[in-house]
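Novice: Please find one structure pasted underneath; my questions will follow.
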Amino acid sequence: MSTKSFAHGIELTPTEGGRAAIERIMEAYGYGTRQQLADHMGVSKGGIGNRWMRDTFPFDWVIVCAAETKASLPWLMTGNGPMFDAKESDVVSISNIKVIDGVIHQASYNMFDLSFLKKDLKNPIQLIDGESRYILETSFNDITDGLWLVEIDGTCSLKKISKIPNKKLKVTDDQVSFECGLDDIKPIGRVAMTINNI
């Protein structure tokens, strides 16, 4: 027997679409591995492996995920539409990044309660740096004084930026300090929040 999503007219069956749905569930939770999802759902590695290999649609996990993360049920079921309905959800999914040897790498997602984040954030991402995590605002019109993730000569790192006269910047970190022009660095995001000891 098949089940149909009337909102999108897409046929869903118990024997197909499972892998894609599991990937969406992982995305909604912010998990990077299937083992993390298996641990959360209280199933063995073999249990989630069987669902994955057989492409069995995880209707039960979809319902649990929607209830726990407030992710959109149509999106979890079909992949269509937004992951979260901003009018109904009090959580948001924020992409994670890591800087390894000066290169930015994508690193899954995290869920945040909207009450935890600063209300004026427009396009936040999270930088994971050891035990510290930084919420970066990547939407900005100008460089202001503060801690920034910047790219200098192809290498990305956190730097403290201060504006000085003659349209120049003072750039500092734990090891170096120098002055440069506005066009000598590429700003990626300003640190809006710091989260320690995660």
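The values are calculated or read from the model by the stated rules, or taken from the named source; none is laboratory data. Just so it is clear, the model here is predicted, and its values are computed rather than measured. So basically every Cβ, Gly included, is an ideal-geometry build from the backbone, and we count neighbours across all protein chains shown. SASA here: full protein model, heavy atoms, side chains in, ligands and nucleic acids out. Shrake-Rupley method; radii C 1.70, N 1.55, O 1.52, S 1.80 Å.
Conditions tested, residue by residue: (1) modelled with pLDDT under 85; (2) over 21 Å from Ile135 (Cβ atoms); (3) touching a Phe, Trp or Tyr at 6+ places or on another chain (Cβ under 8 Å).
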position: Phe57; (1), (2), (3): no, yes, no
position: Trp61; (1), (2), (3): no, yes, no
position: Leu73; (1), (2), (3): no, yes, no
position: Glu88; (1), (2), (3): yes, yes, no
position: Val99; (1), (2), (3): no, no, no
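Novice: Using the structure shown, decide if Asn96 is among the polar types (S, T, N, Q) and open to solvent by less than 70 Å² (accessible area, probe 1.4 Å).
Specialist: In short, yes.
Novice: Consider the stretch 42-65. How many of its residues are in a helix (DSSP H, G or I) and surrounded by fewer than 18 Cβ atoms within 10 Å (Cβ to Cβ)?
Specialist: Total satisfying the criteria: 12.
Novice: Return the pair list, or none, for Cβ contacts closer than 8 Å from residues in the stretch 15-30 that are free of Cβ contacts under 8 Å to residues at least 12 places away in the same chain and within 13 Å of Ser108 (Cβ to Cβ) to residues that are of a type outside the set (S, T, N, Q) and open to solvent by 30 Å² or more (accessible area, probe 1.4 Å), at least 6 apart or on different chains.
Specialist: Met26/Gly32; Met26/Arg34
Novice: Based on this model, can you work out whether Leu117 counts as closer than 26 Å to Gln36 by Cβ and surrounded by 11 or more Cβ atoms within 10 Å (Cβ to Cβ)?
Specialist: It is true that Leu117 is closer than 26 Å to Gln36 by Cβ and surrounded by 11 or more Cβ atoms within 10 Å (Cβ to Cβ).
Novice: Can you give me the ranges of the strands (runs of 3 or more DSSP E) entirely in the stretch 120-188 with at least 2 residues that are more than 19 Å from Ser95 (Cβ to Cβ), touching a Lys or Arg at 6+ places or on another chain (Cβ under 8 Å) and open to solvent by less than 50 Å² (accessible area, probe 1.4 Å)?
Specialist: Strands (runs of 3 or more DSSP E) meeting the threshold: 146-152, 155-164, 168-172, 177-181.
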